[in-house]
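Quick notes on the structure that follows.
The values are calculated or read from the model by the stated rules, or taken from the named source; none is laboratory data. Since the structure is predicted, the reported quantities are computational estimates derived from the model, not experimental observations. Here the Cβ positions follow ideal geometry from the backbone for every residue, glycine too, while neighbour counts run over all protein chains shown.
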Amino acid sequence: MGNIQRIFYYHVPSAFAAFACFFVNLAASLIYLKTRSPRMDALALASAQVGVVFCTIVLITGPLWARPVWGIWWTWEDVRLTSTLLLWLIYVSYLLLRRFSHAGSMPVLAAVLAIFGSVDTGFVYMSIRWFRTQHPQPVLAGGPGSGLDPAMLHAFFINLIAFSAFGALLVWVRYLLERQQQRVEELHALAAVGGAR
């Protein structure tokens, strides 16, 4: 494929980082539903925010690769493309719910939406195994004839580790900021209760 194949080394690690973030979001949401822990709520929000950023990179780099290889930027008949866009829309909806809803039940509703989004995450991952559409078969663990040139596996795994580490760092920073925001809101609530007395 020539130089266009280099997009693979950004596209796939971004998808891996997005899926990892959405998995953390699912785990934190499930724990939040059980414990109502503000820490888990903050982790769920932080991981969703970073996951959306990486999923956006996937949706940008995919068409950049597809145009010279397939001759088209986008096709709605491709199950992975369409389900990835749906995944992005679900988590953008999650973030919009978190941003603009001020109801007391908002974290619970967001956690339920995160569980719904995780179902689509699994579907996106398995779609190229279940359906034969425009998207290529899996490059890694895709069966006979799939795979990267062994000389390029090192570059791929270095990028995978780098994107994962960068994603983890971003989640951690966003988590710390969200915890600080929760503390500020608690102080405002206590001040309002104290002022009302």
Practice prompt. Sort out which residues of region 28-49 are free of Cβ contacts under 8 Å to residues at least 12 places away in the same chain and buried (at least 16 other Cβ atoms within 10 Å of the Cβ), and write them in order of number.
Written response: Ile31
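Could you count how many residues in region 52-75 are small (Gly, Ala, Ser) and closer than 14 Å to His11 by Cα? So that I can check it myself, show each step before the final result.
Within region 52-75, the first condition is being small (Gly, Ala, Ser), and the residues that meet it are 62, 66, 71.
Subsequent filtering for residues that are closer than 14 Å to His11 by Cα retains 62, 66.
Qualifying residue count for the region: 2.
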Practice prompt. Select from region 28-56 the residues that are modelled with pLDDT of 95 or more and either within 15 Å of Asp120 (Cα to Cα) or basic (Lys, Arg) (or both) and list them in ascending order.
Written response: Lys34, Arg39, Ala48, Gly51, Val52, Cys55
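Table: residues versus (1) within 20 Å of the chain's Cα centre (by Cα); (2) more than 19 Å from Leu176 (Cα to Cα); (3) not aromatic (Phe, Trp, Tyr).
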{"site": "Arg39", "(1), (2), (3)": "yes, no, yes"}
{"site": "Val53", "(1), (2), (3)": "yes, no, yes"}
{"site": "Ile72", "(1), (2), (3)": "no, yes, yes"}
{"site": "Trp76", "(1), (2), (3)": "no, yes, no"}
{"site": "Leu86", "(1), (2), (3)": "yes, yes, yes"}
{"site": "Ile90", "(1), (2), (3)": "yes, yes, yes"}
Fill in: Members of region 75-127 that are in contact with a Lys or Arg (Cβ under 9 Å, 6 or more places away or on another chain), under 18 Å from Gly62 (Cβ atoms) and buried (at least 20 other Cβ atoms within 10 Å of the Cβ)
Val124
